[in-house]
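The values are calculated or read from the model by the stated rules, or taken from the named source; none is laboratory data. On a predicted model such as this, the values are computed, not experimentally measured, just so you know. So basically every Cβ, Gly included, is an ideal-geometry build from the backbone, and we count neighbours across all protein chains shown. When the accessible area is computed, the model is the full protein with side chains, heavy atoms only, and any ligands, DNA or RNA have been set aside. Shrake-Rupley method; radii C 1.70, N 1.55, O 1.52, S 1.80 Å.
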Amino acid sequence: MKCVTDTRKSALADILKGKVTIVGIGNVLKGDDGLGPILSERLKTVLDIPCINVGSAPENYIGKIAGESPDTVLFIDATHLDRPPGTFEILNSNELRHMGFSTHDISPGFYIEMLESQIPGRIFLLGIQPEQTTLGTGLSPT
């Protein structure tokens, strides 16, 4: 992943306030699409906050996410940003309504509305531009 600038570190620190739940989305069998689940599993071992791997079916975990009573939900997903591989953006729930979770079937707007009806907290996505999402490959070096 690209080097994180001080501005981006500050932006990430600003959203990670209160009780945070991290949610990794993606398919580990499809190259960089597995970034969300892999990173959430790694973070689970070093952070003292809930880190949930929802695979490619985030709609099945709304109850579990809501049960954590988070102030902030941070989704991590490989997302088509039309930028160089490894580039990332932090998107808020309003921005998420207008784009897709890269390879996932559920409407982001519908999913966000369902989750917002269950939690009073804020919702963000750490979207990372994948290099490749080929079935049967691992994460790219980028």
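Brief remarks on what is shown
- For segment 50-71, taking the residues that are aliphatic (A, V, I, L, M) and in a strand (DSSP E or B), the one that is modelled with the lowest pLDDT is identified as Val54.
- Just one of the listed residues (Leu47, Leu74, Leu39) is at negative phi, of a type outside the set (S, T, N, Q) and part of a strand (DSSP E or B), namely Leu74.
- Scanning segment 98-113 turns up no residue that is out of contact with any Pro (no Cβ under 7 Å at 6 or more places or on another chain), assigned to a strand (DSSP E or B) and either modelled with pLDDT under 95 or on the phi < 0 side of the Ramachandran plot (or both).
- Search result, residues across segment 108-142 that are among the aliphatic types (A, V, I, L, M) and open to solvent by 30 Å² or more (accessible area, probe 1.4 Å): Met114, Leu135, Leu139
- Hey, His80 surrounded by fewer than 20 Cβ atoms within 10 Å (Cβ to Cβ), closer than 17 Å to Ser140 by Cα and modelled with pLDDT under 90 or not: yes
- Residue tally, condition open to solvent by 20 Å² or more (accessible area, probe 1.4 Å) and either among the aliphatic types (A, V, I, L, M) or over 15 Å from Thr79 (Cα atoms) (or both), over segment 10-45: 19
- Selection count where residues are part of a helix (DSSP H, G or I) and aliphatic (A, V, I, L, M), scope segment 12-36: 4
- Here Asp48 passes the criteria (1) within 13 Å of the chain's Cα centre (by Cα); (2) surrounded by fewer than 20 Cβ atoms within 10 Å (Cβ to Cβ) except the one numbered (1).
- Among the residues examined, Pro50 qualifies as free of Cβ contacts under 8 Å to residues at least 40 places away in the same chain, in contact with an Asp or Glu (Cβ under 7 Å, 6 or more places away or on another chain) and not aliphatic (A, V, I, L, M).
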